[in-house]
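Reading through the structure tokens given below for one structure.
The values are calculated or read from the model by the stated rules, or taken from the named source; none is laboratory data. Fair warning: this is a prediction, and the values are worked out from it, not measured in the lab. Quick reminder, even Gly has a Cβ in these numbers, built from the backbone with ideal geometry, and neighbours come from all protein chains shown. Ligands, DNA and RNA are stripped out before the accessible areas are found, and what is left, the full protein with its side chains, is counted by its heavy atoms. Shrake-Rupley method; radii C 1.70, N 1.55, O 1.52, S 1.80 Å.
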Amino acid sequence: MEVMPTSAVAWSHVMLECFLKHDHLVVDLTAGKGKDTLFAAKRARDVVAMDIQPAAIEQTRALLREQDIKNVRLICDSHEALANYVDIDSVDAFVMNLGYLPGGDKDITTLWSSTKRTLEIILSAMKSGAMISLSIYPGHEAGKIESEGIEEMLAKLDQKKFKVNKITFPNQKHCPPYWVGIARC
């Protein structure tokens, strides 16, 4: 057994475990293979899971069906369109696991342009007490650009309105993924 989480996703789950309540609404903005969606669905009232890739939606649907989870709405669309599906100020937690679909096409990845727009939408409307959980992957070219953009954005957030935490893994080689949490005061 590990003494502490050793990955960005593991830290995301630790933080969400501490944060989520049974009456919460969670939006998983990058459904991927459904692991974050499943994690949230077991702890929150409702989950909206989005992904731009139909294969990701189908993998998530299969995992949820296998676990008999019914409190999730799946949406095949870009996370930039999230305001078309939920009132942002009603969401308690947003989860983004950036990068590409594990085992999928590595040329299909989240991009800073869309991630930036999504974060701007969320940050401008998220309610007090809500959080954003980001797993960030700077180890590939698009991820490096995304990471640099996120870091620049975080540095500009008003500390009176937002609390930001960052967990890195400084002794891991090859630009390891890291976790960032943003809470609205």
### Query
What is the residue count in region 1-33 for residues that are closer than 22 Å to residue 171 by Cα and not aliphatic (A, V, I, L, M)?
7
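Sort out which residues of region 83-95 are buried (at least 17 other Cβ atoms within 10 Å of the Cβ) and in contact with a strand residue (DSSP E or B) (Cβ under 6 Å, 6 or more places away or on another chain), and write them in order of number.
Keep residues of region 83-95 that are buried (at least 17 other Cβ atoms within 10 Å of the Cβ), which gives 86, 88, 91-95.
If the condition is that a residue be buried (at least 17 other Cβ atoms within 10 Å of the Cβ) and in contact with a strand residue (DSSP E or B) (Cβ under 6 Å, 6 or more places away or on another chain), then 86, 91, 92, 93, 94, 95 are the ones that fit.
Kindly provide the set of residues from region 96-146 that are among the polar types (S, T, N, Q), in a strand (DSSP E or B) and open to solvent by 10 Å² or more (accessible area, probe 1.4 Å), ordered by number. Let's see the steps before the verdict.
So the first thing to find is which residues in region 96-146 are among the polar types (S, T, N, Q), and the list is 97, 109-110, 113-115, 118, 124, 128, 133, 135.
Now narrow it down to the ones that are in a strand (DSSP E or B): 97, 109, 133, 135.
Hits for region 96-146 are 97, 109.
Quickly run through region 152-184 and pick out the residues that are open to solvent by 60 Å² or more (accessible area, probe 1.4 Å) and among the hydrophobic types (A, V, I, L, M, F, W, C).
Going residue by residue through region 152-184, those that are open to solvent by 60 Å² or more (accessible area, probe 1.4 Å) are 152, 155-156, 158-161, 163-166, 168, 170-175, 184.
Across region 152-184, the qualifying residues are 155, 164, 175.
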### Query
Limited to region 39-58, what total is found for residues that are outside any helix (DSSP H, G or I), open to solvent by less than 20 Å² (accessible area, probe 1.4 Å) and of a type outside the set (D, E, K, R)?
5
### Message
Looking at the structure I just gave you, is residue 36 open to solvent by 20 Å² or more (accessible area, probe 1.4 Å), closer than 18 Å to residue 130 by Cα and either touching a Pro at 6+ places or on another chain (Cβ under 8 Å) or not in a strand (DSSP E or B) (or both)?
### Response
no
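Any residue in region 5-23 that is of a type in the set (A, V, I, L, M, F, W, C), farther than 19 Å from residue 184 by Cβ, open to solvent by 10 Å² or more (accessible area, probe 1.4 Å) and without any contact (Cβ under 8 Å) to a residue 40 or more places away in the chain?
Yes, that holds for at least one residue.
Considering every residue within region 130-141, establish whether at least one is of a type in the set (Ser, Thr, Tyr), touching a residue at least 24 places away in the same chain (Cβ under 8 Å) and touching a strand residue (DSSP E or B) at 6+ places or on another chain (Cβ under 7 Å). So that I can check it myself, show each step before the final result.
If we filter region 130-141 for residues that are of a type in the set (Ser, Thr, Tyr), which is where we start, we get 133, 135, 137.
Filter once more, keeping what is touching a residue at least 24 places away in the same chain (Cβ under 8 Å): 133, 135, 137.
Add one more test, that the residue is touching a strand residue (DSSP E or B) at 6+ places or on another chain (Cβ under 7 Å), and what stays is 133, 135.
There is at least one residue in region 130-141 that is of a type in the set (Ser, Thr, Tyr), touching a residue at least 24 places away in the same chain (Cβ under 8 Å) and touching a strand residue (DSSP E or B) at 6+ places or on another chain (Cβ under 7 Å).
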### Query
For residue 106, which of the numbered conditions (1) closer than 15 Å to residue 31 by Cα; (2) modelled with pLDDT under 95 fails to hold?
(1)
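Whether any residue in region 65-80 is of a type in the set (A, V, I, L, M, F, W, C) and part of a helix (DSSP H, G or I) is what I want to check. Even if it seems obvious, please write down each step before you answer.
First pass over region 65-80, keeping only residues of a type in the set (A, V, I, L, M, F, W, C): 69, 72, 74-76.
Now drop any that are not part of a helix (DSSP H, G or I), which leaves none.
No, the conditions are met nowhere in region 65-80.
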